[in-house]
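Working notes for the structure below.
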Amino acid sequence: MGNKVVKFGGSSLADANQFRKVSDIIKSDEKRKYVVPSAPGKRFSDDIKITDMLYKCCELAGSGVDFSDDFQLIKDRYNGIISDLELNMNLDSEFDIIVKELKARPARDYAASRGEFLNGKILAEYLGYNFIDAADVIVFDTKGRFLLDETVKLTRQKLRGLENAVIPGFYGKTTEGIIKTFSRGGSDVTGSIIANAVNAEIYENWTDVSGFLIADPRIVDSPDAIETITYRELRELAYMGASVLHEDAIFPVRSAGIPINIRNTNKPEDAGTMIVSNDYDFSRESLGHTITGIAGKKGFSTINIEKAMMNNEIGFGMKVLNVLYNNGISFEHMPSGIDTMSITVDSSKLEPVREKVLAEIRREVNPDHIEIEDGIAILAIVGRRMKNTRGTVARVFAAMAHARINVKLIDQGSSELNVIIGVSENDLSEAIRRIYDMFINSEK
Ligand code: ASP
(Lines give C-alpha, C1' and ligand atoms only; values in the text may rest on other atoms or scores of the structure.)
Protein backbone atom coordinates (compact mmCIF):
# COMPACT_ATOMS: atom_id res chain seq x y z
CA MET A 1 0.00 0.00 0.00
CA GLY A 2 1.28 3.46 -0.83
CA ASN A 3 1.51 6.13 1.77
CA LYS A 4 0.76 9.81 2.03
CA VAL A 5 2.57 12.52 3.93
CA VAL A 6 0.19 15.04 5.44
CA LYS A 7 1.33 18.42 6.70
CA PHE A 8 -0.97 20.60 8.78
CA GLY A 9 -0.37 24.32 9.09
CA GLY A 10 -0.66 26.43 12.22
CA SER A 11 -4.28 27.45 11.77
CA SER A 12 -5.19 23.77 11.26
CA LEU A 13 -3.83 23.05 14.74
CA ALA A 14 -4.66 26.27 16.55
CA ASP A 15 -6.95 24.70 19.17
CA ALA A 16 -8.54 21.42 20.28
CA ASN A 17 -11.38 21.71 17.82
CA GLN A 18 -8.90 21.98 14.96
CA PHE A 19 -7.02 18.95 16.33
CA ARG A 20 -10.28 16.98 16.11
CA LYS A 21 -10.71 17.93 12.46
CA VAL A 22 -7.12 16.97 11.77
CA SER A 23 -7.56 13.60 13.43
CA ASP A 24 -10.75 12.91 11.43
CA ILE A 25 -8.91 13.73 8.22
CA ILE A 26 -5.99 11.46 9.07
CA LYS A 27 -8.15 8.60 10.25
CA SER A 28 -10.35 8.71 7.16
CA ASP A 29 -7.54 7.43 4.95
CA GLU A 30 -5.20 4.72 6.18
CA LYS A 31 -2.53 5.84 3.75
CA ARG A 32 -2.06 9.03 5.80
CA LYS A 33 0.75 7.54 7.83
CA TYR A 34 3.26 10.36 8.19
CA VAL A 35 2.11 13.58 9.76
CA VAL A 36 4.03 16.86 9.89
CA PRO A 37 2.51 19.51 12.18
CA SER A 38 3.22 23.22 12.50
CA ALA A 39 3.06 25.03 15.83
CA PRO A 40 -0.38 26.31 16.91
CA GLY A 41 -1.22 29.35 14.80
CA LYS A 42 -3.83 32.05 15.12
CA ARG A 43 -7.34 31.18 16.35
CA PHE A 44 -8.66 34.59 15.32
CA SER A 45 -7.14 37.46 13.40
CA ASP A 46 -5.63 39.33 16.38
CA ASP A 47 -4.30 36.17 17.99
CA ILE A 48 -0.56 35.54 18.29
CA LYS A 49 1.17 32.50 16.84
CA ILE A 50 3.05 30.30 19.29
CA THR A 51 6.17 30.72 17.13
CA ASP A 52 6.04 34.50 17.60
CA MET A 53 5.51 34.09 21.32
CA LEU A 54 8.57 31.88 21.50
CA TYR A 55 10.69 34.40 19.58
CA LYS A 56 9.59 37.00 22.10
CA CYS A 57 10.57 34.84 25.08
CA CYS A 58 13.95 34.28 23.49
CA GLU A 59 14.48 38.00 22.99
CA LEU A 60 13.58 38.75 26.60
CA ALA A 61 15.84 35.93 27.80
CA GLY A 62 18.65 37.31 25.65
CA SER A 63 18.35 40.69 27.32
CA GLY A 64 18.29 39.08 30.74
CA VAL A 65 14.65 40.06 31.31
CA ASP A 66 12.26 37.75 33.14
CA PHE A 67 10.05 36.01 30.55
CA SER A 68 7.95 33.85 32.84
CA ASP A 69 4.69 35.73 32.16
CA ASP A 70 5.13 35.35 28.42
CA PHE A 71 6.09 31.73 28.74
CA GLN A 72 3.04 31.11 30.90
CA LEU A 73 0.84 32.16 27.96
CA ILE A 74 2.54 29.51 25.83
CA LYS A 75 2.00 26.87 28.50
CA ASP A 76 -1.64 27.90 28.78
CA ARG A 77 -2.20 27.40 25.05
CA TYR A 78 -0.75 23.88 25.06
CA ASN A 79 -2.34 22.92 28.36
CA GLY A 80 -5.69 24.17 27.05
CA ILE A 81 -5.41 21.88 24.03
CA ILE A 82 -4.37 18.92 26.19
CA SER A 83 -7.24 19.34 28.62
CA ASP A 84 -9.85 20.02 25.93
CA LEU A 85 -8.81 16.84 24.17
CA GLU A 86 -8.87 15.02 27.55
CA LEU A 87 -5.42 13.62 26.97
CA ASN A 88 -3.63 11.79 29.68
CA MET A 89 -0.30 13.58 29.36
CA ASN A 90 1.48 16.67 30.55
CA LEU A 91 4.34 18.64 29.12
CA ASP A 92 5.64 20.08 32.40
CA SER A 93 9.08 18.52 32.18
CA GLU A 94 9.41 19.72 28.56
CA PHE A 95 8.43 23.24 29.60
CA ASP A 96 11.07 23.17 32.35
CA ILE A 97 13.78 22.08 29.94
CA ILE A 98 12.89 24.89 27.52
CA VAL A 99 12.93 27.56 30.22
CA LYS A 100 16.28 26.34 31.52
CA GLU A 101 17.76 26.23 28.04
CA LEU A 102 16.50 29.71 27.15
CA LYS A 103 18.03 31.12 30.32
CA ALA A 104 21.36 29.44 29.64
CA ARG A 105 21.56 29.84 25.85
CA PRO A 106 18.84 32.01 24.31
CA ALA A 107 19.06 30.83 20.69
CA ARG A 108 16.29 31.94 18.33
CA ASP A 109 16.10 28.79 16.25
CA TYR A 110 15.97 26.57 19.29
CA ALA A 111 13.24 28.72 20.84
CA ALA A 112 11.09 28.76 17.69
CA SER A 113 11.50 25.04 17.07
CA ARG A 114 9.84 24.21 20.38
CA GLY A 115 6.48 25.29 18.99
CA GLU A 116 6.43 22.42 16.53
CA PHE A 117 8.17 20.05 18.93
CA LEU A 118 5.52 20.43 21.64
CA ASN A 119 2.63 20.39 19.19
CA GLY A 120 4.02 17.23 17.63
CA LYS A 121 4.09 15.57 21.05
CA ILE A 122 0.43 16.39 21.63
CA LEU A 123 -0.66 15.33 18.16
CA ALA A 124 1.23 12.02 18.38
CA GLU A 125 -0.46 11.28 21.69
CA TYR A 126 -3.88 12.22 20.38
CA LEU A 127 -3.54 10.12 17.22
CA GLY A 128 -1.78 7.24 18.92
CA TYR A 129 1.10 7.67 16.46
CA ASN A 130 4.85 7.38 17.07
CA PHE A 131 6.68 10.64 17.74
CA ILE A 132 9.94 11.21 15.87
CA ASP A 133 11.94 14.28 16.83
CA ALA A 134 12.81 16.21 13.66
CA ALA A 135 16.23 16.90 15.23
CA ASP A 136 16.99 13.20 14.77
CA VAL A 137 16.25 13.12 11.06
CA ILE A 138 16.50 16.55 9.43
CA VAL A 139 20.18 17.51 8.98
CA PHE A 140 21.94 20.78 8.21
CA ASP A 141 25.65 21.35 7.69
CA THR A 142 27.69 23.58 9.98
CA LYS A 143 26.88 26.59 7.81
CA GLY A 144 23.17 25.90 8.20
CA ARG A 145 22.61 24.50 4.72
CA PHE A 146 20.08 21.72 4.49
CA LEU A 147 21.47 18.30 3.52
CA LEU A 148 18.94 16.25 1.57
CA ASP A 149 20.83 12.98 1.11
CA GLU A 150 21.81 12.63 4.77
CA THR A 151 18.29 13.53 5.82
CA VAL A 152 16.69 10.97 3.54
CA LYS A 153 19.04 8.27 4.82
CA LEU A 154 18.39 9.07 8.47
CA THR A 155 14.65 9.41 7.99
CA ARG A 156 14.42 6.01 6.33
CA GLN A 157 16.46 4.44 9.13
CA LYS A 158 14.32 5.99 11.84
CA LEU A 159 11.02 5.17 10.22
CA ARG A 160 11.91 1.61 9.32
CA GLY A 161 9.45 -0.77 10.92
CA LEU A 162 7.15 2.00 12.14
CA GLU A 163 3.51 1.91 11.11
CA ASN A 164 3.17 5.67 11.35
CA ALA A 165 4.84 8.77 12.75
CA VAL A 166 4.36 12.39 13.69
CA ILE A 167 7.44 14.41 12.75
CA PRO A 168 7.34 18.08 13.79
CA GLY A 169 7.88 20.58 11.00
CA PHE A 170 10.18 23.59 10.68
CA TYR A 171 13.44 22.40 12.29
CA GLY A 172 16.28 19.96 12.33
CA LYS A 173 19.81 19.85 13.70
CA THR A 174 23.22 20.74 12.34
CA THR A 175 25.96 18.12 12.18
CA GLU A 176 27.32 19.86 15.27
CA GLY A 177 24.11 19.19 17.13
CA ILE A 178 22.64 22.69 17.12
CA ILE A 179 18.91 23.13 16.48
CA LYS A 180 18.27 24.98 13.25
CA THR A 181 15.00 26.03 11.61
CA PHE A 182 14.05 26.69 8.02
CA SER A 183 12.82 30.20 7.31
CA ARG A 184 9.29 31.16 8.40
CA GLY A 185 6.58 28.86 7.14
CA GLY A 186 9.19 26.11 6.91
CA SER A 187 7.00 23.21 8.04
CA ASP A 188 5.98 23.03 4.38
CA VAL A 189 9.60 22.20 3.62
CA THR A 190 9.77 19.46 6.24
CA GLY A 191 6.63 17.87 4.80
CA SER A 192 8.13 17.89 1.35
CA ILE A 193 11.38 16.34 2.57
CA ILE A 194 9.59 13.58 4.45
CA ALA A 195 7.46 12.88 1.37
CA ASN A 196 10.66 12.46 -0.61
CA ALA A 197 12.23 10.21 2.04
CA VAL A 198 9.26 7.84 2.32
CA ASN A 199 8.57 8.01 -1.41
CA ALA A 200 5.01 9.11 -0.77
CA GLU A 201 2.42 8.80 -3.51
CA ILE A 202 1.27 12.29 -2.62
CA TYR A 203 2.22 15.14 -0.31
CA GLU A 204 -0.93 16.66 1.15
CA ASN A 205 -0.49 20.16 2.50
CA TRP A 206 -3.48 21.03 4.67
CA THR A 207 -4.14 24.69 5.31
CA ASP A 208 -7.08 27.08 5.69
CA VAL A 209 -7.90 27.72 2.04
CA SER A 210 -9.28 25.27 -0.51
CA GLY A 211 -6.19 25.39 -2.65
CA PHE A 212 -4.27 27.87 -4.65
CA LEU A 213 -6.68 30.56 -5.80
CA ILE A 214 -6.81 31.85 -9.36
CA ALA A 215 -6.38 35.42 -8.12
CA ASP A 216 -5.76 37.22 -4.85
CA PRO A 217 -9.01 37.11 -2.80
CA ARG A 218 -8.24 40.59 -1.47
CA ILE A 219 -8.66 41.84 -5.02
CA VAL A 220 -11.17 39.48 -6.64
CA ASP A 221 -14.28 38.58 -4.69
CA SER A 222 -14.27 34.84 -3.85
CA PRO A 223 -12.05 33.65 -6.69
CA ASP A 224 -12.17 29.99 -7.69
CA ALA A 225 -9.39 27.65 -6.67
CA ILE A 226 -7.03 26.27 -9.30
CA GLU A 227 -7.74 22.57 -9.92
CA THR A 228 -4.36 21.58 -11.30
CA ILE A 229 -1.19 23.59 -11.68
CA THR A 230 2.27 22.57 -12.85
CA TYR A 231 5.37 23.37 -10.84
CA ARG A 232 6.46 25.78 -13.55
CA GLU A 233 3.19 27.67 -13.50
CA LEU A 234 3.33 27.77 -9.73
CA ARG A 235 6.78 29.25 -9.84
CA GLU A 236 5.62 32.00 -12.18
CA LEU A 237 2.74 32.89 -9.88
CA ALA A 238 4.74 32.56 -6.68
CA TYR A 239 7.40 34.84 -8.10
CA MET A 240 4.72 37.45 -8.58
CA GLY A 241 3.79 37.22 -4.95
CA ALA A 242 1.01 34.64 -4.87
CA SER A 243 1.78 32.25 -2.06
CA VAL A 244 0.37 29.32 -0.18
CA LEU A 245 3.49 27.27 0.01
CA HIS A 246 7.06 27.90 1.12
CA GLU A 247 9.22 28.20 -2.00
CA ASP A 248 11.73 25.63 -0.79
CA ALA A 249 8.97 23.06 -0.41
CA ILE A 250 8.90 22.46 -4.13
CA PHE A 251 12.29 20.93 -4.81
CA PRO A 252 12.26 17.78 -2.64
CA VAL A 253 8.95 16.52 -4.05
CA ARG A 254 9.46 17.84 -7.54
CA SER A 255 12.75 16.01 -7.89
CA ALA A 256 11.03 12.81 -6.77
CA GLY A 257 8.00 13.27 -9.03
CA ILE A 258 5.57 13.46 -6.09
CA PRO A 259 2.49 15.67 -6.57
CA ILE A 260 1.41 18.13 -3.89
CA ASN A 261 -2.23 18.52 -2.99
CA ILE A 262 -3.17 21.74 -1.19
CA ARG A 263 -6.25 21.04 0.95
CA ASN A 264 -8.50 22.85 3.40
CA THR A 265 -8.73 21.42 6.92
CA ASN A 266 -11.99 23.27 7.44
CA LYS A 267 -13.48 21.96 4.20
CA PRO A 268 -12.01 18.51 3.68
CA GLU A 269 -14.65 17.73 1.05
CA ASP A 270 -13.04 20.25 -1.33
CA ALA A 271 -10.57 18.69 -3.76
CA GLY A 272 -8.09 21.56 -3.38
CA THR A 273 -5.28 22.20 -5.84
CA MET A 274 -3.03 19.54 -7.32
CA ILE A 275 0.52 20.67 -8.08
CA VAL A 276 2.00 18.32 -10.65
CA SER A 277 5.08 17.97 -12.80
CA ASN A 278 5.23 19.51 -16.23
CA ASP A 279 4.94 16.18 -18.00
CA TYR A 280 1.81 15.19 -16.12
CA ASP A 281 -0.79 13.55 -18.34
CA PHE A 282 -3.47 16.20 -18.65
CA SER A 283 -5.56 14.24 -21.13
CA ARG A 284 -7.99 13.10 -18.46
CA GLU A 285 -8.35 16.55 -17.00
CA SER A 286 -11.72 18.21 -17.42
CA LEU A 287 -11.09 21.04 -19.82
CA GLY A 288 -10.51 24.03 -17.60
CA HIS A 289 -10.06 27.71 -18.20
CA THR A 290 -7.57 29.06 -20.70
CA ILE A 291 -5.53 30.59 -17.93
CA THR A 292 -4.41 29.01 -14.69
CA GLY A 293 -3.83 32.05 -12.52
CA ILE A 294 -3.22 35.78 -12.35
CA ALA A 295 -0.85 37.55 -9.99
CA GLY A 296 0.53 41.03 -9.78
CA LYS A 297 3.16 42.93 -7.90
CA LYS A 298 3.81 46.63 -7.36
CA GLY A 299 7.11 48.41 -6.87
CA PHE A 300 8.78 48.39 -10.27
CA SER A 301 10.48 51.03 -12.36
CA THR A 302 11.31 50.97 -16.04
CA ILE A 303 14.45 52.47 -17.46
CA ASN A 304 13.51 53.63 -20.97
CA ILE A 305 16.34 54.22 -23.38
CA GLU A 306 16.12 55.61 -26.91
CA LYS A 307 18.85 55.89 -29.46
CA ALA A 308 18.63 56.16 -33.22
CA MET A 309 20.16 53.12 -34.94
CA MET A 310 20.39 51.26 -31.65
CA ASN A 311 19.74 48.03 -33.49
CA ASN A 312 22.99 48.35 -35.44
CA GLU A 313 25.15 48.94 -32.44
CA ILE A 314 26.62 45.62 -31.46
CA GLY A 315 26.93 45.24 -27.71
CA PHE A 316 24.43 47.99 -26.87
CA GLY A 317 22.30 45.75 -24.68
CA MET A 318 25.30 44.17 -23.09
CA LYS A 319 26.74 47.54 -22.06
CA VAL A 320 23.48 48.64 -20.49
CA LEU A 321 23.04 45.36 -18.65
CA ASN A 322 26.63 45.54 -17.49
CA VAL A 323 25.87 48.81 -15.75
CA LEU A 324 23.04 47.11 -13.91
CA TYR A 325 25.26 44.14 -13.13
CA ASN A 326 28.00 46.37 -11.73
CA ASN A 327 25.42 48.02 -9.50
CA GLY A 328 24.02 44.75 -8.23
CA ILE A 329 20.63 45.11 -9.91
CA SER A 330 18.91 42.24 -11.63
CA PHE A 331 16.35 43.00 -14.29
CA GLU A 332 12.88 41.53 -14.50
CA HIS A 333 11.88 42.18 -18.10
CA MET A 334 13.41 43.81 -21.11
CA PRO A 335 11.08 44.40 -24.03
CA SER A 336 12.77 46.31 -26.84
CA GLY A 337 11.92 48.13 -30.06
CA ILE A 338 14.20 48.93 -32.98
CA ASP A 339 15.56 52.09 -31.43
CA THR A 340 14.24 51.68 -27.91
CA MET A 341 14.90 49.47 -24.99
CA SER A 342 13.01 49.31 -21.77
CA ILE A 343 14.26 47.53 -18.70
CA THR A 344 12.05 46.74 -15.74
CA VAL A 345 13.74 46.61 -12.37
CA ASP A 346 12.72 46.47 -8.73
CA SER A 347 12.38 50.12 -7.61
CA SER A 348 13.77 49.49 -4.14
CA LYS A 349 16.97 48.04 -5.64
CA LEU A 350 17.32 50.90 -8.09
CA GLU A 351 16.64 53.72 -5.65
CA PRO A 352 19.99 53.85 -3.81
CA VAL A 353 21.99 53.88 -7.06
CA ARG A 354 19.53 55.66 -9.34
CA GLU A 355 21.65 58.66 -10.37
CA LYS A 356 24.78 56.57 -10.64
CA VAL A 357 23.05 54.08 -12.96
CA LEU A 358 21.73 56.87 -15.17
CA ALA A 359 25.14 58.50 -15.40
CA GLU A 360 26.87 55.24 -16.20
CA ILE A 361 24.37 54.26 -18.91
CA ARG A 362 24.79 57.73 -20.47
CA ARG A 363 28.53 57.31 -20.42
CA GLU A 364 28.49 53.78 -21.82
CA VAL A 365 25.98 54.08 -24.67
CA ASN A 366 25.34 57.79 -25.14
CA PRO A 367 21.55 57.50 -25.65
CA ASP A 368 19.42 60.19 -27.33
CA HIS A 369 17.03 59.96 -24.45
CA ILE A 370 16.87 58.13 -21.15
CA GLU A 371 14.27 58.30 -18.42
CA ILE A 372 13.06 56.31 -15.48
CA GLU A 373 9.38 55.73 -14.91
CA ASP A 374 8.35 54.67 -11.40
CA GLY A 375 5.12 53.33 -9.98
CA ILE A 376 4.83 50.37 -12.33
CA ALA A 377 3.03 47.18 -11.43
CA ILE A 378 3.73 43.92 -13.22
CA LEU A 379 0.98 41.48 -13.83
CA ALA A 380 1.47 37.87 -14.89
CA ILE A 381 -1.25 35.92 -16.62
CA VAL A 382 -0.10 32.33 -16.36
CA GLY A 383 -1.40 29.23 -18.06
CA ARG A 384 -0.05 26.15 -19.80
CA ARG A 385 -3.07 26.08 -22.13
CA MET A 386 -2.36 29.53 -23.61
CA LYS A 387 0.16 27.98 -25.94
CA ASN A 388 -2.55 26.14 -27.84
CA THR A 389 -5.23 28.78 -27.61
CA ARG A 390 -5.49 31.61 -30.05
CA GLY A 391 -6.54 35.08 -29.06
CA THR A 392 -5.41 35.06 -25.43
CA VAL A 393 -3.35 38.20 -25.71
CA ALA A 394 -6.11 39.89 -27.70
CA ARG A 395 -8.53 39.17 -24.89
CA VAL A 396 -6.13 40.56 -22.30
CA PHE A 397 -5.86 43.79 -24.25
CA ALA A 398 -9.56 43.99 -24.91
CA ALA A 399 -10.15 43.73 -21.18
CA MET A 400 -7.62 46.48 -20.52
CA ALA A 401 -9.03 48.71 -23.26
CA HIS A 402 -12.58 48.41 -21.97
CA ALA A 403 -11.38 49.37 -18.51
CA ARG A 404 -9.41 52.28 -19.99
CA ILE A 405 -6.23 50.92 -18.49
CA ASN A 406 -3.06 51.91 -20.24
CA VAL A 407 -0.67 49.02 -20.83
CA LYS A 408 2.89 50.22 -20.41
CA LEU A 409 4.77 47.06 -21.11
CA ILE A 410 4.16 43.68 -22.73
CA ASP A 411 6.28 40.60 -22.51
CA GLN A 412 5.57 37.06 -23.58
CA GLY A 413 8.30 34.56 -22.95
CA SER A 414 9.15 31.88 -25.46
CA SER A 415 7.69 29.26 -23.15
CA GLU A 416 4.27 30.79 -23.83
CA LEU A 417 3.47 29.96 -20.26
CA ASN A 418 2.72 33.51 -19.33
CA VAL A 419 1.90 36.94 -20.61
CA ILE A 420 3.38 39.76 -18.61
CA ILE A 421 1.96 43.23 -18.76
CA GLY A 422 3.00 46.37 -16.93
CA VAL A 423 0.41 48.90 -15.79
CA SER A 424 0.40 51.84 -13.45
CA GLU A 425 0.31 50.72 -9.81
CA ASN A 426 -3.05 52.47 -9.43
CA ASP A 427 -4.54 50.26 -12.11
CA LEU A 428 -3.28 46.93 -10.82
CA SER A 429 -6.34 45.78 -8.87
CA GLU A 430 -8.77 46.75 -11.58
CA ALA A 431 -6.61 45.09 -14.22
CA ILE A 432 -6.63 41.83 -12.26
CA ARG A 433 -10.40 41.98 -11.80
CA ARG A 434 -10.97 42.62 -15.50
CA ILE A 435 -8.75 39.75 -16.55
CA TYR A 436 -10.47 37.46 -14.07
CA ASP A 437 -13.82 38.46 -15.55
CA MET A 438 -12.63 37.97 -19.08
CA PHE A 439 -11.11 34.52 -18.59
CA ILE A 440 -12.89 33.00 -15.63
CA ASN A 441 -16.35 34.47 -15.26
CA SER A 442 -17.00 34.61 -18.97
CA GLU A 443 -15.77 31.06 -19.54
CA LYS A 444 -18.20 29.60 -17.01
N1 ASP B 1 5.68 27.81 12.93
C2 ASP B 1 6.56 28.31 11.93
C3 ASP B 1 6.14 29.69 11.50
O4 ASP B 1 5.23 30.26 12.07
C5 ASP B 1 6.72 27.37 10.79
C6 ASP B 1 5.45 26.99 10.07
O7 ASP B 1 4.36 27.22 10.58
O8 ASP B 1 5.54 26.43 8.98
O9 ASP B 1 6.73 30.24 10.62
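Mind checking whether some residue in region 315-328 is touching a helix residue (DSSP H, G or I) at 6+ places or on another chain (Cβ under 7 Å), hydrophobic (A, V, I, L, M, F, W, C) and closer than 30 Å to Asn196 by Cβ?
No - not one qualifying residue is present in region 315-328.
Counting only residues that are assigned to a loop (DSSP other than H, G, I, E, B) and touching a residue at least 40 places away in the same chain (Cβ under 8 Å), how many does region 66-92 have?
Result for region 66-92: 1.
Return yes or no: is Ile376 outside any helix (DSSP H, G or I) and surrounded by fewer than 16 Cβ atoms within 10 Å (Cβ to Cβ)?
No: the conditions fail for Ile376.
For region 432-441, state whether one or more residues are more than 15 Å from Ala295 (Cα to Cα), open to solvent by 40 Å² or more (accessible area, probe 1.4 Å), in contact with a Phe, Trp or Tyr (Cβ under 9 Å, 6 or more places away or on another chain) and not aliphatic (A, V, I, L, M).
For region 432-441, residues more than 15 Å from Ala295 (Cα to Cα), open to solvent by 40 Å² or more (accessible area, probe 1.4 Å), in contact with a Phe, Trp or Tyr (Cβ under 9 Å, 6 or more places away or on another chain) and not aliphatic (A, V, I, L, M): absent.
Residues are listed down the side, and each one gets a yes or a no for (1) in a loop (DSSP other than H, G, I, E, B); (2) charged (D, E, K, R); (3) closer than 27 Å to Asn199 by Cβ:
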residue	(1), (2), (3)
Glu94	no, yes, no
Val99	no, no, no
Tyr110	no, no, no
Phe117	no, no, yes
Gly120	no, no, yes
Leu123	no, no, yes
Lys143	yes, yes, no
Val152	no, no, yes
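Out of the strands (runs of 3 or more DSSP E) lying entirely within region 165-282, which hold 2 or more residues that are within 16 Å of the ligand (Cβ to nearest atom)?
171-174, 179-181, 202-207, 260-264
Kindly indicate whether Phe67 is out of contact with any Lys or Arg (no Cβ under 9 Å at 6 or more places or on another chain) and under 21 Å from Tyr55 (Cβ atoms).
No: the conditions fail for Phe67.
Residues in region 135-147: is at least one among the aliphatic types (A, V, I, L, M) and closer than 23 Å to Asn17 by Cα?
no
Given the residues Ser38, Ser23, Ser45, which is the only one that is farther than 21 Å from Phe182 by Cα, in contact (Cβ under 8 Å) with a residue 12 or more places away in the chain and among the small types (Gly, Ala, Ser)?
None of the others qualify; the one that does is Ser23.
Conditions (1) in contact (Cβ under 8 Å) with a residue 24 or more places away in the chain; (2) buried (at least 16 other Cβ atoms within 10 Å of the Cβ); (3) of a type outside the set (D, E, K, R); (4) within 30 Å of Thr389 (Cα to Cα), marked per residue:
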| site | (1), (2), (3), (4) |
| --- | --- |
| Gly272 | yes, yes, yes, yes |
| Asn278 | yes, no, yes, yes |
| Ile294 | yes, yes, yes, yes |
| Ala308 | yes, no, yes, no |
| Asn312 | no, no, yes, no |
| Gly317 | yes, yes, yes, no |
| Val320 | yes, yes, yes, no |
| Thr344 | yes, yes, yes, yes |
| Leu350 | yes, yes, yes, no |
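Run Glu176 past the list (1) over 22 Å from Pro40 (Cβ atoms); (2) of a type in the set (D, E, K, R); (3) open to solvent by less than 10 Å² (accessible area, probe 1.4 Å) and report the number of the one that doesn't hold.
Condition not satisfied by Glu176: (3).
Counting just the residues of region 1-59 that are acidic (Asp, Glu) and not in a helix (DSSP H, G or I), which one comes out farthest from the ligand (Cβ to nearest atom)?
For region 1-59, the residue satisfying everything is Glu30.
So, in region 20-48, of the ones that are at pLDDT 95 or above and among the small types (Gly, Ala, Ser), which residue ends up most open to solvent (accessible area, probe 1.4 Å)?
Once the filter is applied, the top-ranked residue is Ser28.
Can you name the residue in region 339-373 that is modelled with pLDDT under 95 and among the hydroxyl-bearing types (Ser, Thr, Tyr) and, of all such residues, is farthest from Glu306 (Cα to Cα)?
Ser342
For the subset of region 196-248 comprising residues that are over 17 Å from the mean Cα position of the chain (by Cα) and closer than 19 Å to Lys4 by Cα, which member is most open to solvent (accessible area, probe 1.4 Å)?
Step by step, filter region 196-248, then rank; the result is Asn199.
The values are calculated or read from the model by the stated rules, or taken from the named source; none is laboratory data. Small disclaimer: the values here were computed from a predicted structure and weren't measured. We place every Cβ from the backbone using ideal geometry, glycine too, and count neighbours over all the protein chains shown. Ligands, DNA and RNA are stripped out before the accessible areas are found, and what is left, the full protein with its side chains, is counted by its heavy atoms. Shrake-Rupley method; radii C 1.70, N 1.55, O 1.52, S 1.80 Å.
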